[in-house]
Amino acid sequence: MSAILPVELPVDKSTKSQIRRGERRAETTAAKRTKKRLTSRGATIAALVIAVLWTVPTFGLFVSSFRPAQEVRTTGWWTLFSNWGLTLDNYSEVLQAGNSQLNLAGAFINSIAITLPATLLPLIIASLAAYAFAWIDFRGKNVLFIAVFALQIVPLQMALVPLLQFFSRGEVFGFPVVSSISDAGGYSQVWIAHTMFALPLAIYLLHNFVSEIPADVIEAARVDGAGHGQIFFRIVLPLTMPAIASFAIFQFLWVWNDLLVALIFADGAVAPMTKLLAEITGTRGQDWHLLTAGAFISILVPLIVFFSLQRYFVRGLLAGSTKG
């Protein structure tokens, strides 16, 4: 008995256009329902108030960065409209400020050289670990995941002494691990430190997204003969890209604005901007007006990164909030 194949009936153009309009209308209705659930008038008003309260002092700092030093010390930024006077002296002075080994322009390059690897390394390791915890069965997986999750509550300061021992003598608590990596002229110490501090939270967050991928998709790929590498790079990685981009923004901002790790592990010619900004004000803070210009130089790159990944950031925050 031969199988009966379905026959495609002819559909006129008017019927097709009506179907398309119905699909678009359904998508618009679903989008409106989602927007209504996620927003409210009170939340919008509160967000506007917070935005204004946040923007006013930032705008004042921006205006002060273009005012002469004497006027910054004696008058408020709002007097600009009655006492008009702008200058670029603060920016030229702050770019040349620093110590005998490094100025702020060089520290800006150091911040980029520190932040980019310190953002990419934990993301690469955490994404692989998240896939292993979510879709690979091995002995002790749950215990190990709980241990990684528990590392988030360990204060960063408690790890500084063991890390110093590791970097200086290549040992941890007296046990030799590797040869010394205390190279004073490199970035390896600060890269390793930031990667270690970021991994627990990165693994936990990415694991939540990776584990939400439907099991049918993974099983279908395995049936087709795909290995773990193909499943990770062709299925898991594209689907978790919003989550990866969201954490990348946070990690980039944390490392870029970090001062504690920089004070301990990034010294001399490899010091980032945060360390030099704390020094250019002088021993008694008499040159604090330079911080206004230094602050806007330091936020230039984070703003570019945030607006470049903004669409992924929003998708990552809303992932899992709606169904369908």
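The values are calculated or read from the model by the stated rules, or taken from the named source; none is laboratory data. Every value quoted in this text rests on a predicted model; they were computed, and no experiment measured them. Ideal geometry is used to build each Cβ from the backbone, glycine not excepted, and the neighbour counts take in all protein chains shown.
Output the qualifying pairs, or none if there are none: Cβ atoms under 7 angstrom, residues six or more apart or on different chains, first residue in the range 64-80 and under 13 Å from PHE296 (Cβ atoms) and in contact (Cβ under 8 Å) with a residue 24 or more places away in the chain, second residue surrounded by 11 or more Cβ atoms within 10 Å (Cβ to Cβ) and among the β-branched types (Val, Ile, Thr).
SER64/VAL72; SER64/THR292; SER65/THR292; PHE66/THR87
If you take the residues of the range 270-293 that are small (Gly, Ala, Ser) and modelled with pLDDT of 80 or more, which of them is farthest from MET196 (Cα to Cα)?
Among residues in the range 270-293 that are small (Gly, Ala, Ser) and modelled with pLDDT of 80 or more, the one farthest from MET196 (Cα to Cα) is ALA293.
Restricting to the range 125-143, count the residues that are crowded, with 16+ Cβ neighbours inside 10 Å and without any contact (Cβ under 8 Å) to a residue 60 or more places away in the chain.
1
Could you list all residues from the range 54-72 that are assigned to a loop (DSSP other than H, G, I, E, B) and surrounded by fewer than 17 Cβ atoms within 10 Å (Cβ to Cβ)?
PRO68
May I ask you to say which residue of LEU48, LEU121, LEU102 is more than 30 Å from ARG234 (Cα to Cα), in contact (Cβ under 8 Å) with a residue 12 or more places away in the chain and not hydroxyl-bearing (Ser, Thr, Tyr)?
Within the list LEU48, LEU121, LEU102, the selection yields LEU102.
Quick one: ALA150 ticks every box in (1) over 23 Å from TRP191 (Cβ atoms); (2) crowded, with 18+ Cβ neighbours inside 10 Å; (3) of a type outside the set (Asp, Glu) bar one, so which box is it?
Failing condition for ALA150: (2).
Please find, among ALA245, ALA215, the residue that is over 26 Å from ALA150 (Cβ atoms) and touching a Leu at 6+ places or on another chain (Cβ under 7 Å).
It is ALA245.
One line per residue, one yes/no per condition, for (1) exposed (fewer than 15 other Cβ atoms within 10 Å of the Cβ); (2) of a type in the set (Phe, Trp, Tyr); (3) out of contact with any helix residue (DSSP H, G or I) (no Cβ under 6 Å at 6 or more places or on another chain):
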{"site": "ILE203", "(1), (2), (3)": "no, no, no"}
{"site": "PHE209", "(1), (2), (3)": "no, yes, no"}
{"site": "GLU212", "(1), (2), (3)": "yes, no, yes"}
{"site": "GLU219", "(1), (2), (3)": "yes, no, yes"}
{"site": "ASN257", "(1), (2), (3)": "no, no, yes"}
{"site": "ASP267", "(1), (2), (3)": "yes, no, yes"}
{"site": "LEU277", "(1), (2), (3)": "no, no, no"}
{"site": "LEU300", "(1), (2), (3)": "yes, no, yes"}
{"site": "SER308", "(1), (2), (3)": "yes, no, yes"}
